[in-house]
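Trainee: Structure in C-alpha cells, see below.
The values are calculated or read from the model by the stated rules, or taken from the named source; none is laboratory data. Note that the coordinates shown come from a computational prediction; the quantities given were computed from them, not determined experimentally. Here Cβ is always computed from backbone atoms with ideal geometry, including for glycine, and neighbour counts include all displayed protein chains. For accessibility, only protein heavy atoms count, side chains too; no ligands or nucleic acids. Shrake-Rupley method; radii C 1.70, N 1.55, O 1.52, S 1.80 Å.
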Amino acid sequence: MVRMSNNRVVALSVICFVAVSMLQGQDRPPDTVLQLSRVTSFSFLPNGIDLRSGEARMQVIALRPDVIRIRASRSEEFAEDASWAVLRDSKRSRVAVQPTGTANAVGFKTDMLRVSIDRQTFGLKISDPDGNVLQQDARPIEFYGTSFRVCKRMPIDEHYFGLGDKTGPLDRREQAFTLWNTDAYSFQESTDPIYKSIPYFMAFRAGRALGVFMDNTWRSNFDFGKEQPDNYCFGAVNGPVDYYVFYGPTPKQVVETYAWLTGTVPLPPKWVLGYQQSRYSYTPQSRVIEIADRLRADHIPADVIYLDIDFQEKNRPFTIDKDRFPDLPGMISQLAAKNFHVVAITDLHIAEFPGHGYVPFDSGTEGDHFVRNHDGSVYSGAVWPGASVFPDFTRTPTREWWGNLYKDFSKMGIAGFWNDMNEPSVFNTPTGTMPEDVVHRIEEPGFARRTAPHAEVHNIYGMENSRGTFDGLKRINPGLRPFVLTRATFAGGQRYAATWTGDNGSTWNHLRLTTPMIENLGLSGFALAGADVGGFAGTPQENLLTKWFEIGAFQPIDRDHTEKWTGDKEPWVGGAEPEAIRRRFVEERYRLMPYLYTLAEEASRTGLPIERPLFLEFPNAASDGHPIDVDLRATGEFMVGPDILVAAPPYADKLDSYGVEFPSAEWYDYWTGERVPAPVPTDPEPNAPAGPENLIPLTAWIHPQLSTLPVFVRAGAIVPIAPLVQSTDEIPDGPLILRVYAGRDCAGHLYLDDGKTYAYQDGVSLRMDFSCEVTPDALRLTLGNHQGSYRAWWREIQVEVYGWIPHQRTAQLDNSMIDLGSDAGSHHLTLTIPDKETGSLLELR
C-alpha cells in the first residue's frame with residue numbers, strides 16, 4: 001500500500017470537496033476553508049497596499065510600473081521573504097504608487113496598471129489605464145490546512161502558455177497540471193507530471209499579454225478551466241502564497257520581464273549550437289573515435305560527442321572504466337584535434353562505497369554533504385551504481401564541494417557536463433524519488449538557516465545540482481564559458497544550464513510533441529533547449545529519423561541520442577540516400593550559424609527564446625485577435641528568431657497535403673527565394689464560417705515530401721549566412737553572406753565573438769546592424785559599422801537580394817559606382833563588396 005503524506009491527502013481532499021460543492025450548486029467553499037472574504041482594515045504603503053481580513057493578511061506591491069507582487073498569509077505574519085528563483089535585485093525593486101479608493105474598493109495605480117481590491121469580497125482586479133481588465137479573482141484566496149488556492153476568471157477568448165515542457169498542445173487552456181519533478185521515461189502526450197517544475201505562464205487575449213509567476217517550490221497545481229470552465233486556478237500543498245503579475249502588453253515584453261525576475265540563459269560556447277552526437281552508450285573508447293571519424297569522413301558537420309554512464313566504473317560518478325577507456329585523456333585530446341568537444345554525464349547520486357578510496361563518497365562524508373534521514377543518518381537510495389547517497393544542494397558549502405569534483409575531468413579537456421537523473425530519480429521507492437520527509441539543511445545567502453523537508457526542496461533539487469556544476473566549472477576555468485545540460489530544473493534554472501525534453505520515444509507522435517514542448521520551454525526562460533533527435537526510447541523508422549533530423553536542425557539544441565539496446569541512429573543509418581538528406585539539413589544549420597549565434601546572444605541579454613511561437617513575433621496576426629499557433633493547421637509551425645518560419649506538418653506521418661498559416665502578408669521561400677503567392681480568392685459559400693483565409697494574412701498549401709521541409713523568411717529580413725564548415729571551431733573561408741529579402745521594416749543584426757571565453761564582457765565582440773529601404777526605383781542597403789574590438793573572419797560581404805530586381809542595373813557603394821555583374825536570376829541578384837569597418841551604403845537602381 002502506498003503511503004500518502006498529510007499534505008497530499010489534504011490537497012486531494014480539497015479538490016474533491018470543491019468539485020462536490022460545485023455539483024451541489026454551492027457558491028462558496030465549506031466553512032472549514034479559510035477565505036480572505038472581506039477587507040477589515042488596510043494601510044497604504046509607498047509602493048502598494050497592506051490589507052487584513054480578520055487575522056489573514058494580503059500585501060500587494062509594485063516592483064515596477066508593470067510588475068505587481070501579491071503575498072498572502074492566513075495569519076499576520078508572512079513566510080520568509082526568500083527565493084531560489086527571483087533575482088535579489090529584482091525582488092528588492094520598488095516604484096512609488098498613487099493610492100486609490102472608493103466606498104466599494106481600495107487600491108493603487110502605476111503608470112501602467114490599476115490595482116483594486118473589493119472591500120466586501122476581497123477580490124483582486126488588475127486593469128490597464130484604459131480600463132481593460134487584465135486579471136480578476138473568481139473568488140478570494142482560499143486556505144485549506146497548509147495548502148492554498150488562487151482562482152481567476154477565465155475569459156472565453158484567453159489562451160495560456162508556459163509551465164515549461166509540459167506535454168500536450170501549446171495552449172494550456174482546458175488542461176490541468178501538477179508540478180513535481182518526475183523521471184517520466186517514455187512519457188506520453190497525457191503524462192503528468194514530468195521532469196521540470198516552472199510555475200509560470202503567460203495569458204494572451206486579443207493581442208494583450210500578461211505574465212503570472214508563482215514563487216513556491218512545493219508540489220503545486222495549475223488548472224486552466226479543466227475543473228471549472230470559467231476559472232483558472234493555481235496553488236500548492238504548502239508554502240507561501242507569493243505570486244507576481246506583470247503586463248506586456250506585448251508577449252515579448254512579458255518574456256523579457258520574466259527574464260528580469262528570474263534571469264536569462266548565459267551566453268553559451270558557440271559549439272553548443274553545433275550538431276551533437278550521443279547514445280547510451282558509446283563504448284569502448286575505440287567506438288567513440290570511430291563515430292567521430294565517420295562524421296568527418298562523411299562530411300557531416302558536428303561539434304559534440306557525449307559520454308553516457310558506461311564510461312564510468314560500475315556507473316559510479318566521477319570515475320573511469322579503465323578497461324573500456326584505457327586512455328580517456330588521450331581520447332579527448334584526439335577528438336579535440338578533430339574539432340570535437342566531449343560532454344560527459346555526471347549523475348548526482350554518489351555511490352555508497354566506503355573504504356575503497358572512492359573520493360566523491362569519502363570527501364562528501366567527511367564534509368557532511370549528504371542528505372539525511374530524520375534520525376540524523378545519511379539517506380541512501382538505489383540508483384545506477386546501486387546504493388547511493390545524495391548531496392544536499394541547498395547548502396552553499398555542498399555546492400562548492402560538488403563543483404570541485406570536476407577538476408580532474410576539466411583538466412582532461414572535457415568541455416561540458418550533463419546532469420541527468422536529478423529529479424532526483426530513485427529506483428527503490430514507491431514514488432520513484434526521495435521520501436518527502438528526508439531532511440535538507442538550508443545554508444544559502446538570503447535564507448534563514450534551517451532544515452526543510454524534501455517535499456519543499458524536491459522541485460529545486462535539480463536546479464541547485466546544475467547550479468553547483470555551473471559555478472564549479474566557472475571557478476575551475478574562470479575564463480571559459482561552461483556548458484551544463486540538466487534534465488530537472490525549476491524557474492530560474494536557465495541561469496545555470498540548458499535542458500532537453502527528457503526520455504522521449506521514437507514515434508511520430510513524439511516528434512509532433514517536440515515543437516510545443518520546446519516553444520513553451522522558450523517562453524518559460526529556457527532559450528537553450530532541445531529534444532533527442534529520433535527519440536530516446538526505441539528504434540525509429542527510417543523516414544521518422546530523417547524527418548526528425550530536418551526539424552531538429554532548426555531547434556536550439558540539435559542532439560541525436562538513443563538508449564541502450566536500440567538500433568543505431570547516426571546520420572548514415574539506412575544508407576547513402578537518407579544520409580544525404582540528413583547531411584543537407586545539418587549543413588544548413590551550420591550555414592545559419594551567424595544567425596543562430598546572434599539569437600543566442602540576444603537570449604542572454606533579453607530572455608527572448610531562439611525557437612518561438614508565431615504569436616510572440618506577431619501578436620496581432622489574426623483579425624479576431626487569437627494567437628494563430630492554436631489553429632490545428634499551424635501546430636507544426638514555429639519561428640527561429642524573428643525572421644525564419646519553419647512549417648513542419650501538423651502530423652508528419654500523414655501523406656496528405658496541409659495548409660500553412662503565415663502571420664503576416666509577405667514571405668519568401670527560404671530554399672528558392674521566391675515570394676509566397678497570395679492564394680486566389682474564391683467566393684465563400686453562403687453562411688460559411690470564417691476560415692483562415694478570412695482571419696489570417698496569408699496561407700499556402702503544401703504537399704509533404706520526405707526530402708524537404710518547408711521553411712520561409714519574413715519579407716524585410718536580412719539574414720547573415722556563413723560558408724559551410726565542419727565544426728564551429730573551423731574559420732569560414734569566404735565572404736559573409738547577407739540575404740536581403742525586400743520588404744517593409746527591412747533590418748537584420750549580427751553578433752560575433754571568440755565563442756569560448758568571457759572576453760566579450762570587456763568589449764571583445766563584434767556587432768553589426770543592417771537595414772534596407774525599398775523605393776519604386778531603388779534599394780538602399782545600409783551596412784552598419786563594426787561595433788566592438790573583435791575582428792571579423794571575413795573581408796568581403798556577398799549581398800543576395802531577393803524580391804527586387806534593378807531596372808537601371810547600376811550599383812553605387814558609398815560614392816563609387818561598382819560593377820553589378822550579371823548574376824541576377826528571376827528571384828534575386830548577387831554581388832560581392834568589401835566590408836568597410838566604418839560602415840557602407842549600397843544603392844541599387
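Trainee: Starting from the Cα coordinates of region 193-321, work out the convex hull volume and express it per residue in Å³.
Mentor: Taking the convex hull of the Cα positions in region 193-321, it is 213 Å³ per residue.
Trainee: Evaluate the Debye formula for region 37-91 with equal point scatterers sitting on the alpha carbons, no solvent, and hand back log10 of I(q)/I(0) at q = 0.15, 0.22, 0.26 Å⁻¹, in q order, two decimals.
Mentor: -0.47, -0.91, -1.11
Trainee: A follow-up question, please. Evaluate the charge dipole of the chain about its Cα centre and quote only its size in Debye, nearest 20, assuming +1 on the Cβ of each Lys and Arg and -1 on the Cβ of each Asp and Glu.
Mentor: Dipole about the Cα centre, nearest 20: 1820 debye.
Trainee: For residue 674, enumerate residues with amide H under 5 Å from its amide H, sequence gap 5+ or separate chain, H modeled in the peptide plane.
Mentor: 669
Trainee: Considering only the other residues whose Cβ falls under 14 Å of the Cβ of residue 841, what net charge follows from Lys and Arg at +1 and Asp and Glu at -1?
Mentor: Surrounding charge for residue 841 is -2.
Trainee: Along each of the three principal axes of the Cα atoms of region 62-124, give the extent in whole Å, ordering the values from largest to smallest.
Mentor: If we take the Cα atoms of region 62-124, the spans are 39, 31, 14 Å.
Trainee: Measuring from centroid to centroid over Cα atoms, what is the spacing of region 538-577 and region 795-809 in Å?
Mentor: Using only Cα atoms to place each centre, the spacing works out to 38 Å.
Trainee: Heavy-atom accessible area per residue, region 451-590, 1.4 Å probe: how many Å²?
Mentor: 21 Å²
Trainee: Next up: Can you pull the Rg over Rh of region 262-321, Cα-only, Kirkwood?
Mentor: Radius of gyration over Kirkwood radius for region 262-321 works out to 1.08.
Trainee: Across all directions of projection, what mean area in square nanometres is found for the Cα convex hull of region 503-631?
Mentor: Averaged projected area of region 503-631's Cα convex hull equals 8.8 nm².
Trainee: Using only the C-alpha atoms of region 586-674, find the volume of their convex hull and express it per residue in Å³.
Mentor: 127 Å³
Trainee: If you don't mind, another one. How long are the semi-axes of the equivalent ellipsoid of region 305-360, taking √(5λ) for every eigenvalue λ of the Cα gyration tensor, in whole Å from largest down?
Mentor: 24, 12, 8
Trainee: Per Stokes-Einstein, at 25 °C and 0.890 mPa s, what whole-number D in µm² s⁻¹ belongs to the chain, with the Kirkwood radius over Cα pairs as the hydrodynamic radius?
Mentor: The diffusion coefficient I find is 86 µm²/s.
Trainee: Kindly provide the pair-distance distribution of region 107-197 built from C-alpha pairs, with 5 Å bins from 0 and whole-percent values in order of increasing distance.
Mentor: Here the calculated profile for region 107-197 is 3, 11, 16, 15, 17, 16, 12, 7, 3, 1, 0.
Trainee: Radius of gyration and Dmax for region 381-430's Cα atoms, expressed in Å?
Mentor: Rg then Dmax for region 381-430, in Å: 13.1, 40.
Trainee: What area, in nm² and to one decimal, does the C-alpha convex hull of region 538-590 cast on average over all directions?
Mentor: If you wrap the Cα atoms of region 538-590 in a convex hull and average its projections, you get 3.5 nm².
Trainee: Suppose we take every Cα in region 693-799 and form the convex hull; what volume per residue is that in Å³?
Mentor: Here the figure is 182 Å³ per residue.
Trainee: From the backbone phi of region 373-385, what are the Karplus-calculated ³J(HN,Hα) couplings (6.51 cos²θ - 1.76 cosθ + 1.60, θ = phi - 60°) in whole Hz, Gly and Pro given as x?
Mentor: Taking θ as phi minus 60°, the curve returns 7, 4, 7, x, 6, 6, 6, 10, x, 8, 9, 3, x Hz for region 373-385.
Trainee: Okay, next question. Work out the charge dipole of the chain with +1 on the Cβ of Lys and Arg and -1 on the Cβ of Asp and Glu about the Cα centre, then indicate which of 504, 445, 221 is farthest towards its positive end.
Mentor: Toward the positive end, the furthest listed residue is 445.
Trainee: Ok, one more. Could you give the semi-axes, largest first, of the ellipsoid that matches region 503-555, computed as the square roots of 5 times the alpha carbon gyration tensor eigenvalues and rounded to whole Å?
Mentor: 20, 11, 8
Trainee: Still on this model: Can you give the Kirkwood hydrodynamic radius for region 724-772, in Å, rounded to one decimal and based on Cα pairs?
Mentor: Here the Kirkwood hydrodynamic radius works out to 13.2 Å.
Trainee: Distance cut-off 27 Å, Cα to Cα: go down the list 125/226; 252/569; 166/407; 270/322; 270/564 and report the pairs above it.
Mentor: In this structure, 252/569; 166/407; 270/322; 270/564 exceed 27 Å between Cα atoms.
Trainee: How long are the three semi-axes of the equivalent ellipsoid of region 424-499, in whole Å, if each is the root of 5 times an eigenvalue of the C-alpha gyration tensor, listed from largest down?
Mentor: Over the Cα atoms of region 424-499, the ellipsoid semi-axes are 25, 17, 10 Å.
Trainee: As I understand it, the dipole of the chain uses +1 on the Cβ of Lys and Arg and -1 on the Cβ of Asp and Glu, about the Cα centre. Which of 783, 207, 677 lies farthest toward its positive end?
Mentor: Projecting each Cα onto the dipole axis, the largest value belongs to 207.
Trainee: Quick one, what does Rg over Rh come out to for region 257-376 if you take C-alpha atoms and the Kirkwood Rh?
Mentor: Result: Rg/Rh = 1.09.
Trainee: State the Cα centre-to-centre distance between region 132-160 and region 72-106 in whole Å.
Mentor: Between the Cα centres of region 132-160 and region 72-106 lies a distance of 18 Å.
Trainee: Still on this structure: At a threshold of 8 angstrom on Cα-Cα distance, excluding pairs fewer than six apart, so keeping six or more, what relative contact order does the chain reach in percent?
Mentor: Across the chain, relative contact order equals 10 percent.
Trainee: Compute the projected area of the convex hull of the Cα atoms of region 129-177, averaged over all viewing directions, and report it in nm² to one decimal place.
Mentor: Over every viewing direction, the Cα hull of region 129-177 projects on average to 5.3 nm².
Trainee: Return the whole-Å distance between the Cα centroid of region 321-397 and the Cα centroid of region 763-791.
Mentor: If we compute the Cα centre of each part, the gap is 49 Å.
Trainee: What is the percent carbon and sulfur in the accessible area of region 666-813, measuring with a 1.4 Å probe over the protein chains and ignoring ligands?
Mentor: Carbon and sulfur: 51 percent of the exposed surface of region 666-813.
Trainee: Applying a 10 Å radius around every beta-carbon, put 583-595, 312-324 in order of their mean neighbour count, most first.
Mentor: 583-595, 312-324
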